[in-house]
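Before any comments, here is the structure.
Quick note: the coordinates plus some simple rules give every number you see, no bench work behind them. Note that the structure is predicted; figures quoted are calculated from it, not measured. Neighbour counts run over all protein chains shown; Cβ positions are idealised from the backbone, glycine included.
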Amino acid sequence: MTTRSIKLRFGELFRLLSITVIFALVLAACAPAATPTAAPATPAPAQPTAAPIQPTAAPPEPTATEVKIDKVTLRLSWRWKAEFAALVLTQDKGFFKEQNLDVELLEGKGSGDVLPLIANKSNTFGYLNLTTATIGIGKDMPLKIVAVLMAKNPSALAFFEDKNIKEPKDLEGKSIAMAPGEAFTVIFPAFAQKWGIDPNKVKQVQMDPNAKNQAFLEGKVDVLPVYINNELPQIRALSDKKIDILMPADWGFNTVANGIVVHQDTIKENPDLVRRFVAAVSKGYAYAIQHPDEAVDAVIKRSEELAGQPREVLAEQVKATLDLVYSENTQGKPPGWMSDADWNNTLDILAETGATPTRLKNEDVYTDEFAPTQ
């Protein structure tokens, strides 16, 4: 190879090397500055991928799936009637729902038929006559009364004004329609003894319960035992004559009337359920007392039979029922609250009249653990 060829080749290599160096410098200038190795920076912590946690002062509201709704049944003592208006309103106003309860209201066929349904746990709660319930408890039914919703007994004696009955003794010389098992039929012997009534001077006419009202309106009997929140408004609406009443409750014979009964196992296994149920019912009754027209509207919607009755009669029945919520001993307390004095009187009367074989102990019959106190 000649000297000239060597120089040409060397020049080409020099130019190639120069281009490579310049290109490397350009790349270096475009790259990000390197972190000094002598003092490396602490890596930033990784950001969380989950959603930000809400502040503890304002936790998120629980979803519907997190709330436990208890489904229970309430068996009523009879078919739909005005007496049940406050219970219907309790449901319609959402007071059960506020307590996380889904309550099914069921019609009944009499207090005597409701008791076994609670005792065998077919139904959770029962609304029924508490004399019937007490007699059942005395026969070892595993039940407890947890609320009294009619502390004054609705039993009354109805008569036309011209019969001039002012006090129990005035029943002498009068005829009274009686029916087997009826409340007044049961208490009459003790009632007569207490007020010095000679039973031989009172004509007790045994009648079919379905025939009593008509017999009274036709003047075939002088005195008709009624419930002031049921038959009384009905017969008053059918007569042009003034009808007065005498209530045994006003003459020392008050027995607590109706209320809530539950199985003893339910109390033991789920006392919070019972407490929430009673609280809702108490609130419903308090609301109904303040809004009786709403209560009438509520119960009418449950029954075509009720919807076909005169509204003024239903309104009287609802008002009378709500007027019976309190006794003299429970005034000023929430609906459902029970008085030991009322129960002492009730249990004494039931023993005196032979409705129970012995005087039952208060604690075996009822508990005031669940009724609100204020």
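One table, with the values for the structure above:
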| item | result |
| --- | --- |
| Amide H contacts of THR73 (H built 1.01 Å from N, under 5 Å, at least 5 apart or other chain) | GLU104, THR124, PHE125 |
| The range 66-176, Cα convex hull volume normalised per residue, Å³ | 157 Å³ |
| Using θ = phi - 60° and Karplus 6.51 cos²θ - 1.76 cosθ + 1.60, couplings along the range 166-174 (whole Hz; Gly, Pro as x) | 10, 8, x, 4, 6, 6, 4, x, 10 |
| Net length gained if the chain between ASP364 and GLN206 were fully extended (0.36 nm per residue, minus Cα distance) | 53.4 nm |
| Point-to-point label distance, GLN290-ASP272, nm (Cα→Cβ direction, 7 Å offset) | 2.8 nm |
| Only Lys, Arg (+1) and Asp, Glu (-1) charged, at Cβ; the range 155-251 dipole about Cα centre in debye | 100 debye |
| Residue-span extension gain [GLN331 to GLU172] - 0.36 nm each, minus C-alpha spacing | 53.8 nm |
| For the range 229-356, diffusion coefficient by Stokes-Einstein and Kirkwood Rh (Cα), 25 °C, 0.890 mPa s, µm²/s | 142 µm²/s |
| Spherically averaged projected area of the range 155-251 from its Cα convex hull (nm²) | 5.6 nm² |
| FRET efficiency for GLN193 and LYS68, using Cβ-Cβ distance with R0 set to 51 Å, rounded to 0.05 | 0.40 |
